[in-house]
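Take a look at the structure set out below.
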Amino acid sequence: MAASLDGFIAGPDDDLSWLPTDPNAEEGEGVLGFAAFMAEVGALLMGRRTYDVVTGFGGEWLYGDTPVLVATTRPLEPVAPTVRAVRGDIDAVVEQAIEAAGDRDVYIDGGALIQSALQARRVDEIVVTMVPVLLGQGVPLFGTLEQRQPLVFEHHATYGSMVQLRARVVRDDSL
């Protein structure tokens, strides 16, 4: 996920104009850019709000041939043959994404969906690329969590003018 320094993944009204226009333009040494990151991803599990915002961009579909599962209860008109709707509780939709991913990672995208997955302890790793901007308000990356989520930072690096943090979720409270 990309986030502003003050922890927002979108500005007011789902504004994403603060994001770099080319996610591969600022490749940093030893840092995973968007294309390299997506090469590790076997499936993307996306919230409906995020899907609606991303499809509103128009242009070429960002996720290529990667299966994109959209968690929604509303009818969905897929913009690509790799997109399909999934329904159910967080465990059910994560299991569907794991099955679609095969032996590769599942990328969960969307603030509410990430929060639900964290609460259900279905997240193993968090990768956040901090963009050097303060938005002041918008859609929070994590919002309010019901329980503490201990993490261990495993990697950090610069990515052009951004900083990327990679953290492993600790399953118990001992570090």
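The values are calculated or read from the model by the stated rules, or taken from the named source; none is laboratory data. Treat the numbers as computed from the prediction; the structure is a model and nothing was measured. Counting neighbours? That spans all protein chains shown, and the Cβs are built from the backbone with ideal geometry, glycine included.
General remarks:
- Hey, Pro81 surrounded by fewer than 19 Cβ atoms within 10 Å (Cβ to Cβ), over 20 Å from Gly143 (Cα atoms) and free of Cβ contacts under 8 Å to residues at least 40 places away in the same chain or not: yes
- Members of region 110-121 found to be assigned to a loop (DSSP other than H, G, I, E, B) and buried (at least 16 other Cβ atoms within 10 Å of the Cβ), listed by number: Gly110
- Pairing residues of region 109-129 that are under 20 Å from Met162 (Cα atoms) with residues that are surrounded by fewer than 19 Cβ atoms within 10 Å (Cβ to Cβ) and not aliphatic (A, V, I, L, M), at Cβ distances under 6 Å and at least 6 apart in sequence or on separate chains, gives Glu125/Arg168; Val127/Arg166.
- Hits in region 84-109 - residues which are in contact with a helix residue (DSSP H, G or I) (Cβ under 6 Å, 6 or more places away or on another chain), in a strand (DSSP E or B) and not charged (D, E, K, R): Val86, Val106, Ile108
- Which numbered condition Val133 misses (of (1) at pLDDT 95 or above; (2) under 19 Å from Thr72 (Cα atoms)): (2)
- Filter result (more than 17 Å from Thr50 (Cβ to Cβ) and under 18 Å from the mean Cα position of the chain (by Cα)) within region 133-153: Thr144, Leu145, Gln149, Leu151, Phe153
- Taking the numbered list (1) under 17 Å from Met1 (Cβ atoms); (2) crowded, with 18+ Cβ neighbours inside 10 Å; (3) among the hydrophobic types (A, V, I, L, M, F, W, C); (4) touching a residue at least 60 places away in the same chain (Cβ under 8 Å) in turn, Ala71 passes all entries but (4).
- Answer residue from region 154-175, given it is assigned to a strand (DSSP E or B) and of a type in the set (A, V, I, L, M, F, W, C) and is farthest from Ala36 (Cα to Cα) among those: Val169
Conditions (1) surrounded by fewer than 13 Cβ atoms within 10 Å (Cβ to Cβ); (2) closer than 16 Å to Val41 by Cβ; (3) touching a strand residue (DSSP E or B) at 6+ places or on another chain (Cβ under 6 Å), marked per residue:
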{"site": "Met130", "(1), (2), (3)": "no, no, yes"}
{"site": "Gln137", "(1), (2), (3)": "yes, no, no"}
{"site": "Arg148", "(1), (2), (3)": "yes, no, no"}
{"site": "Leu151", "(1), (2), (3)": "no, no, yes"}
{"site": "Gly160", "(1), (2), (3)": "no, no, no"}
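- Some residue of region 142-153 being touching a Leu at 6+ places or on another chain (Cβ under 6 Å), at pLDDT below 95, under 29 Å from Asp6 (Cβ atoms) and not in a loop (DSSP other than H, G, I, E, B): no
- Of the listed requirements (1) in contact (Cβ under 8 Å) with a residue 12 or more places away in the chain; (2) surrounded by fewer than 16 Cβ atoms within 10 Å (Cβ to Cβ); (3) of a type outside the set (Phe, Trp, Tyr), Ala92 misses just one: (1).
- Number of the exception - Gly42 against (1) over 26 Å from Ser17 (Cα atoms); (2) small (Gly, Ala, Ser); (3) exposed (fewer than 15 other Cβ atoms within 10 Å of the Cβ): (3)
- Subset of region 34-56 [assigned to a loop (DSSP other than H, G, I, E, B) and either at pLDDT 90 or above or within 14 Å of the chain's Cα centre (by Cα) (or both)]: Glu40
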